[in-house]
Every structure is written in C-alpha cells, then in structure tokens.
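Peer 1: If you scroll down you'll find the structure; I have some questions about it.
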Amino acid sequence: EAVGRSEVELDLAEGATAEEAWERLAGQHPGLAARRARLTAAVNRIYAPFDTPLRDGDELVFVPPVSGG
C-alpha cells in the first residue's frame with residue numbers, strides 16, 4: 001500500500017531472499033528505505049526472517065508494527 005498499490009509482482013532470481021525482495025522494492029520506491037528497520041516479513045502468511053529464501057509463487061508481505069488492545 002505504501003507504493004500506491006495493494007500488490008506488486010517482482011521478478012527475482014531463484015532462491016532470492018525476502019531481504020533481496022525488499023531491496024528491489026525499495027530501489028524502485030526510494031521513500032520506503034527508511035521503513036525497513038520497523039518491518040517484519042511474512043511468507044505465505046507465516047512470519048519469517050528476512051533471510052528466508054523465496055520460491056516462485058510465494059506471497060511475501062512486509063508487515064509494519066501494529067498495536068492492539
């Protein structure tokens with residue numbers, strides 16, 4: 001949503017990580033770079049470290065901090 005769309009498709013090398021996907025996305029949208037430290041990654045709806053390798057068809061979401069009550 002921060003890039004003006006609810007979904008973005010990236011072409012990445014086989015075995016690219018969530019971190020590499022973030023770097024590609026932030027390279028295309030420089031205003032995102034400062035947000036990295038506060039984000040968590042989720043691959044196929046499961047929280048995952050940024051060094052998680054991705055496979056073709058995976059859904060990757062960068063989740064901002066949330067609060068609730």
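Peer 1: Going highest first, how would you order 8-14, 38-44 by mean Cβ packing within 10 Å?
Peer 2: 38-44, 8-14
Peer 1: From the phi of every residue in the stretch 6-11, what ³J(HN,Hα) in whole Hz does the Karplus formula 6.51 cos²θ - 1.76 cosθ + 1.60 yield, where θ is phi - 60° and glycine or proline is x?
Peer 2: For the stretch 6-11, the Karplus-derived couplings read 7, 8, 9, 9, 10, 8 Hz, x marking Gly and Pro.
Peer 1: 5 Å is the cut-off here: which amide hydrogens, built 1.01 Å from N in the peptide plane, fall below it relative to T52, excluding neighbours closer than 5 in sequence?
Peer 2: So T52 has HN proximity to A18, E19.
Peer 1: Sticking with this one: Mean residue ellipticity at 222 nm from the helices of the chain, using -39,500 (n - 2.57) per DSSP H segment of n ≥ 4 over the full residue count, to the nearest 500 deg cm²/dmol?
Peer 2: Counting only the DSSP helices, I get -5000 deg cm²/dmol.
Peer 1: If the only charges are +1 at each Lys and Arg Cβ and -1 at each Asp and Glu Cβ, what is the size of the charge dipole of the chain around the Cα centre, to the nearest 20 debye?
Peer 2: Numbers: 7 positive and 12 negative charges, 86 e Å.
It comes to approximately 420 debye.
Peer 1: How large is the direction-averaged shadow of the alpha-carbon convex hull of the chain, in nm²? Spell out each step's value before the answer.
Peer 2: Values: hull surface 20.1 nm².
Quarter of the Cα hull surface area: 5.0 nm².
FYI, it's all coordinate maths here, none of it is from the lab. Here the structure is a predicted model, which is why all the values come from computation and not from measurement. Reconstructed Cβ throughout: ideal geometry from the backbone, glycine too, with neighbour counts over all protein chains shown.
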